[in-house]
Amino acid sequence: VWVAHMQSAGTCRMPSFVVGPPPNSLVLGPAPAALLPPGSLHDCCSARPTKRSGLAWGYAAAGVALAASKGRLARRHVCWSTGAVFELTSVCGQPSKPYAASQLREQGSLEEGSSVAAVSTAGLKGRGASINQDCLAVQCKDDGSWFAVVADGHGEDGHHCAAHICHNLPTLLSGALEGASSETGIAAALTAAFIQAEMDLEGAASANSFDVECAGCACVAVALRPCEGVVYVASCGDCQAVLVDCATGGFETNVPHKAHNRTEMQRIRAMGGEVKVDRQSGEVFSRVYSPSGVFGLAMSRAFGDLDVKRHGVIADPSVMAWPLRKQTCCVLGSDGLFEFISPAEVAATLRQRLDSHGAAICAEALVAEAQRRWKRVEGDYCDDVTCLLLSTGRAHPARVISPTLLD
């Protein structure tokens, strides 16, 4: 996990475990022993129970924490290529061991009281090395605005698609919002940014010889505008964002794009696409096929995937505006995070744990819990899991803790 935040410099401490989950929150306990190698966090962090009783939860923050004083804040530099004062990106597409965390790169510094925590891990997809096809990117502008993207690649070259979208989309979103004012104008501007990102992706695929016929990515993007008190969310596919009011536990979330949705199905069938629907144990699953039947896409909107893009799949996002309150945090995740963890569980957990344990521990614990649930339900298969947590206007305890997450 990687965490950065701005606050007065303090003492770095190993976190104690909090015991006893509150009602409706996740029991974030140790991952299965089979997933924990010697020297892992579970081995090196001793549980120090409080006076409460119950099941221990949580993981320590693994990676790097940055704490700085106001003096450093005054010396922030702007990245001239993007106009950002802070940037964070993940390195996706690298072969790694199952469950290994991807490398994260950052430059610049954050405003005081803001924090970012990011965890992106490879899944378990058969024998041998795994490739994490999830990707994330964050930019913070000088006016305090945030632009964040999580993309989840699929298909053989899906990681190239996800990396390209994360490289381009934050800047496109920032530029699109300049001058846009009305809700209609903002929705049109964000949609135009997604369409431009799709065109850029297709051009890059042609120039660099990677596949976008049967490969692509889902994506969720947020633009946090503290000065306006609003969060704009644009999503395409099955990635999700959850905006949590930590004072009340209330939350907002987007709905993944699935082909069994009536509106989506009508559009796809009108364009000659085929939708196959399967119902198992009360759940509904669907895939989109072109007339050629080359492959089935498990979502109705995506970047890339030209084989089905000609038959009703689109890259146009759903756009929402949510109020940004003082005690608000935002979680972006791939479907690997939300497949078995509901947005309500995320909201309840962050309300109870964010202030006491910080963004880094919460992000890592959510990823570890997602991995545990994948193992319990699917056995020998686990999707890539990414959790990006943004919090503005609050300072969390600084921590510098190593070693790494599950590997």
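The values are calculated or read from the model by the stated rules, or taken from the named source; none is laboratory data. Keep in mind that what you see is a predicted model, and the values were worked out from it rather than measured. Neighbour counts run over all protein chains shown; Cβ positions are idealised from the backbone, glycine included. We work out accessible area using only protein heavy atoms, side chains counted, and drop any ligands, DNA or RNA first. Shrake-Rupley method; radii C 1.70, N 1.55, O 1.52, S 1.80 Å.
Things worth noting here:
- Tally of residues being in a loop (DSSP other than H, G, I, E, B) and either aliphatic (A, V, I, L, M) or within 15 Å of S334 (Cα to Cα) (or both) across the range 208-256: 9
- Check on A259, small (G, A, S), outside any strand (DSSP E or B), on the phi < 0 side of the Ramachandran plot and in contact (Cβ under 8 Å) with a residue 24 or more places away in the chain: yes
- Residue in the range 180-194 that is crowded, with 18+ Cβ neighbours inside 10 Å, within 16 Å of C329 (Cα to Cα) and modelled with pLDDT under 95 present: no
- Residue under evaluation A187, criteria (1) under 21 Å from L88 (Cβ atoms); (2) part of a helix (DSSP H, G or I), criterion not met: (1)
- Residue check for R353: over 30 Å from Q196 (Cβ atoms) and either in contact with a Leu (Cβ under 8 Å, 6 or more places away or on another chain) or crowded, with 22+ Cβ neighbours inside 10 Å (or both): yes
Yes or no, residue by residue, for (1) over 20 Å from I165 (Cα atoms); (2) touching a Phe, Trp or Tyr at 6+ places or on another chain (Cβ under 9 Å); (3) modelled with pLDDT of 95 or more:
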| site | (1), (2), (3) |
| --- | --- |
| E111 | yes, yes, no |
| S114 | yes, yes, no |
| T121 | no, yes, yes |
| R127 | yes, no, no |
| S130 | yes, yes, no |
| Q133 | no, no, yes |
| K141 | no, yes, no |
| F147 | no, no, yes |
| A151 | no, yes, yes |
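- Within the range 306-330, the residues that satisfy the criterion of being in a strand (DSSP E or B) and under 15 Å from V230 (Cα atoms) are V319, M320, A321, W322, P323, T328, C329, C330.
- Search result, residues across the range 123-150 that are within 15 Å of A101 (Cα to Cα), in contact (Cβ under 8 Å) with a residue 60 or more places away in the chain and in a loop (DSSP other than H, G, I, E, B): G123, N132, Q133
- Only residues that are of a type in the set (D, E, K, R), within 30 Å of I131 (Cβ to Cβ) and touching a Pro at 6+ places or on another chain (Cβ under 9 Å) were counted across the range 327-355, and they come to 1.
- Of all residues in the range 311-322, those that are more than 22 Å from L297 (Cα to Cα) have Cβ atoms under 7 Å from Cβ atoms of residues that are part of a loop (DSSP other than H, G, I, E, B), 6 or more apart or on another chain, in M320/N254.
- Residue check for L172: within 20 Å of the chain's Cα centre (by Cα), more than 29 Å from C362 (Cβ to Cβ) and open to solvent by 20 Å² or more (accessible area, probe 1.4 Å): yes
- A residue that is modelled with pLDDT of 95 or more, open to solvent by less than 10 Å² (accessible area, probe 1.4 Å) and under 22 Å from the mean Cα position of the chain (by Cα) can be found somewhere in the range 287-298.
- Lone unmet requirement of (1) over 23 Å from T171 (Cα atoms); (2) at pLDDT 90 or above; (3) open to solvent by 30 Å² or more (accessible area, probe 1.4 Å); (4) among the hydroxyl-bearing types (S, T, Y) for Y99: (3)
- Subset of the range 229-239 [open to solvent by 10 Å² or more (accessible area, probe 1.4 Å) and within 11 Å of W322 (Cα to Cα)]: G229, V230, Y232
- In the range 251-277, the residues that are closer than 20 Å to Q352 by Cβ and touching a helix residue (DSSP H, G or I) at 6+ places or on another chain (Cβ under 7 Å): F251, T253
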